[in-house]
Amino acid sequence: MAEMLSITGLETFYGKIQALRGVDLHINKGEIVTLIGANGAGKSTLLMSICGRVQARSGAIVLEGLDITKAPTHEIIQMGVSQSPEGRRIFPRMTVLENLQLGATTNQMAYFEEDVAKVFDLFPRLNERKNQRGGTLSGGEQQMLAIGRALMSRPKLLLMDEPSLGIAPILVRQIFQAIGRISKEEHVTIFLVEQNAFHALKLADRGYVMVNGAVSMTGTGAELLARPEVRAAYLEGGAH
Amino acid sequence: MSVLNSEKLPPILKDSVITGLITLVLAVPIVGLPTINATEGLQIEPRWSVVIWMVSAVFLGRLVLNFWWHREQTSSSSTILLNTPFLQSLQQLLKFIIPIGVLFALILPTMPFASRYVMDVAILVITYIMLGWGLNIVVGLAGLLDLGYVAFYAIGAYSYALLANYFDWSFWICLPLAGVFAAISGILLGFPVLRLRGDYLAIVTLGFGEIIRVILLNWYEFTGGPDGISGIPRPSFFGLEFKRSSEGTFSSFFGLDYSSMHRIIFLYYLILALALLTNFITLRLRKLPVGRAWEALREDEIACRSLGINPTNTKLTAFAIGATFGGLAGSFFATRQGFISPESFTFIESAVILAIVVLGGMGSQIGVVLASVVLIGGTELFRELEEYRMLAFGALMVGIMVWKPRGLLAHREPTIRIKTEGSS
Ligand SMILES: Nc1ncnc2c1ncn2[C@@H]1O[C@H](COP(=O)(O)OP(=O)(O)OP(=O)(O)O)[C@@H](O)[C@H]1O
Ligand SMILES: [Mg+2]
């Protein structure tokens, strides 16, 4: 299988604090890969390193054969990476439609109508609220908007940081369903960071477990779900 | 005020007394102890009565304000309910007000009350509207706090004055050039401040404004330094000058009697056209990718980056386009005054323009118009007050901030709207 993204020996620092301690990981085209790990393990840092929001000190990030380790964020995004970032980062004073317009920046809104229709099909709630300001949406609606906005650039690779954070179980299911559809219907490769290990591993083709800034375990979603260490650390309390 | 219950009284009194005391502390050295030049040398002549007047005025004012605030709080539940339909009707009202306002501006010179003085004030107000609109791009839309906007005004003014002086070029050639020079200086300012935000950006832009002024002041051989530049040519109407002469002038060509009002009215239409052009371009830009990127940048720079927006280009275009309009307004100022000196481009000008943008409601084009009319027109009304004019200016600003803390028109109009019914 062709590789979409490969990361080798990635080390990222915040000043003197080392957040990533040599991460190795790869994502094949068309896969859904999930990354789980405890709070502070470095999951968001990894996503931010991929996008160039924080600069890695050593190691390499290669996107479809091109080294993007040192590239500025906007160039990486223009190469077909898109993200729904941690904390959603919706533009609060702008309406849903305006947020979606901004998502289509890299393709100059060439497919705007068509893509908006797709997003509304995925999240009908957004259609009902298209002229509402982003800041007045509920948390779950904001999350849908963040995902929809990320799709507007027609990405090859979609990075998602905890899309289920702070969302009611019923909506969580909807969001994971939507992620599955995005992968199938739009053929987008997805890298999904999640706390909700059960849902994420069930959906994913493969998974990685991150502990303390490094990958500690990897396997298919089903394999990881079956591992007792994973169950003990991330699934206790009956996430099902 | 009858709703006031007795519990609220002590804190209100305390607050007012403290405000009075602060005034006392400030007023004694500043107002109470003026120095006078007596025959025996510098002497102090206390003015206690003035201090007492000031302190009691502030104390009472604060007291009234406190009561007002309290009244607001008790009735706030009903005002919130009233708010939404009120805002909507205001929105509808605005739709009519804009064309009426433009129409009024167009026919103003034909009005019977349009005296020389009225036209001068109108020209001044519109100049500030244009400057406000220009700065609105940088501050209101892109969210970059620029305290040195007057620098671009100065660059535009000096560009025209110097080009006209050294090369004898006409206003119509120099006007776009002034815009270009201002744009270039906008980019020059933009580069070093790209990484700065908020307070730091404000400080550096403030410095930039001062640097330009100091250069103009000290480069004596080129700019005339503090003497300024005089005899700046007036603009012509397609080559026809506004002069009392029998040939090649505006009045002779149109067979009119010479009147000094012709030039004033021409200048009025000139600045009106420039201002409307500024507004038109801004409104168009808001709907284009670059304009959307400005507003997105104001809201969340990190989100912008992660959508593939290049923040460097976005900021530089905001600075450059904002500066261009400042430069055009500067050229107009130079040709209108016929004389410029660095004194016209001090920090207070930047502050006034910024006040217009902020008080108008950041990013609101009509807000800028309202704020200019109120602040510039208002202070002009208080001209008789002479040295107390700035006090009136300050009071107006405080007033707006008290009644309308988010600006006169804080509402932001979306750039895209699709009807809610239809589309699956
Ligand atoms: N800007 C920063 N400055 C200093 N340290 C930081 C910064 N951002 C993150 N860190 C530290 O880096 C480590 C990894 O943080 P990161 O946000 O990547 O964790 P995470 O795995 O996403 O956690 P969570 O599941 O809680 O979101 C943490 O110890 C965090 O405190
Ligand atoms: Mg995180």
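List of remarks:
- Residue list for the stretch B:222-237, filter: surrounded by fewer than 19 Cβ atoms within 10 Å (Cβ to Cβ) and not in a loop (DSSP other than H, G, I, E, B): B:Phe222, B:Gly225, B:Pro226, B:Asp227, B:Ser230, B:Phe237
- Among the strands (runs of 3 or more DSSP E) confined to the stretch A:158-240, the ones with at least 2 residues that are away from ligand 1 (no atom under 16 Å from the Cβ) are located at A:189-194, A:214-220.
- Verdict on A:Arg154 being touching a residue at least 40 places away in the same chain (Cβ under 8 Å), within 14 Å of chain B (Cβ to nearest Cβ), among the basic types (Lys, Arg) and under 19 Å from A:Gly87 (Cβ atoms): no
- Some residue of the stretch B:329-336 being open to solvent by less than 10 Å² (accessible area, probe 1.4 Å), more than 29 Å from B:Gly394 (Cβ to Cβ) and more than 14 Å from the chain's Cα centre (by Cα): yes
- Under the condition of being among the small types (Gly, Ala, Ser) and assigned to a loop (DSSP other than H, G, I, E, B), the residues counted in the stretch B:359-380 number 3.
- Members of the stretch A:13-27 found to be touching a residue at least 60 places away in the same chain (Cβ under 8 Å) and farther than 14 Å from A:Thr218 by Cα, listed by number: A:Gln18, A:Ala19, A:Leu20, A:Arg21, A:Gly22
- Among the residues of the stretch A:103-151, just one is in contact with a Gly (Cβ under 6 Å, 6 or more places away or on another chain), open to solvent by less than 10 Å² (accessible area, probe 1.4 Å) and of a type in the set (Val, Ile, Thr), namely A:Val119.
- Among the candidates A:Arg57, A:Arg88, residue that is open to solvent by 30 Å² or more (accessible area, probe 1.4 Å), within 16 Å of ligand 1 (Cβ to nearest atom) and facing chain B (nearest Cβ under 10 Å): A:Arg88
- Residue list for the stretch B:292-312, filter: open to solvent by less than 30 Å² (accessible area, probe 1.4 Å) and within 21 Å of the chain's Cα centre (by Cα): B:Trp294, B:Glu295
- Restricting A:Gln142, A:Gln83, A:Gln132 to those that are polar (S, T, N, Q) and facing chain B (nearest Cβ under 9 Å) reduces the list to A:Gln83.
- When the residues of the stretch B:112-126 are filtered to those that are hydrophobic (A, V, I, L, M, F, W, C) and in a helix (DSSP H, G or I), the one that is nearest to B:Leu285 (Cα to Cα) is B:Ile126.
- Highlighted here are the helices (runs of 4 or more DSSP H) found entirely within the stretch B:127-220 that include at least 1 residues which are under 12 Å from B:Thr324 (Cα atoms): B:150-167, B:171-193.
- Selected residue [more than 7 Å from ligand 1 (Cβ to nearest atom) and in a loop (DSSP other than H, G, I, E, B)] from A:Gly9, A:Gly22, A:Gly30: A:Gly30
- Within the stretch A:19-45, the set of residues being open to solvent by 50 Å² or more (accessible area, probe 1.4 Å) and away from ligand 2 (no atom under 14 Å from the Cβ) comprises A:Arg21, A:Asp24, A:His26, A:Lys29.
- Flag if A:Arg93 is within 16 Å of ligand 2 (Cβ to nearest atom) and assigned to a loop (DSSP other than H, G, I, E, B): no
- For the stretch A:100-126, a residue qualifies if it is closer than 24 Å to A:Leu47 by Cα, touching a Leu at 6+ places or on another chain (Cβ under 7 Å) and facing chain B (nearest Cβ under 9 Å), and the qualifying residues are A:Leu102, A:Gly103, A:Thr105.
- Hey, B:Val64 assigned to a helix (DSSP H, G or I), at pLDDT 80 or above and open to solvent by less than 60 Å² (accessible area, probe 1.4 Å) or not: no
- Segments classed as helices (runs of 4 or more DSSP H), wholly inside the stretch B:238-357, with at least 1 members that are away from chain A (no Cβ under 14 Å) and among the small types (Gly, Ala, Ser): B:250-253, B:260-287, B:311-337
- Counting residues in the stretch B:403-420 that are more than 30 Å from B:Val180 (Cα to Cα), loosely packed, with under 14 Cβ neighbours inside 10 Å and away from every other protein chain (no Cβ under 14 Å) gives one or more.
The values are calculated or read from the model by the stated rules, or taken from the named source; none is laboratory data. As the structure is a prediction and not an experimental result, all values here were calculated from the model. A quick note on method: Cβ atoms are made from the backbone with ideal geometry, for glycine too, and the neighbour counts reach across all protein chains shown. Keep in mind that these areas ignore ligands, DNA and RNA; they rest on the heavy atoms of the full protein, side chains included. Shrake-Rupley method; radii C 1.70, N 1.55, O 1.52, S 1.80 Å.
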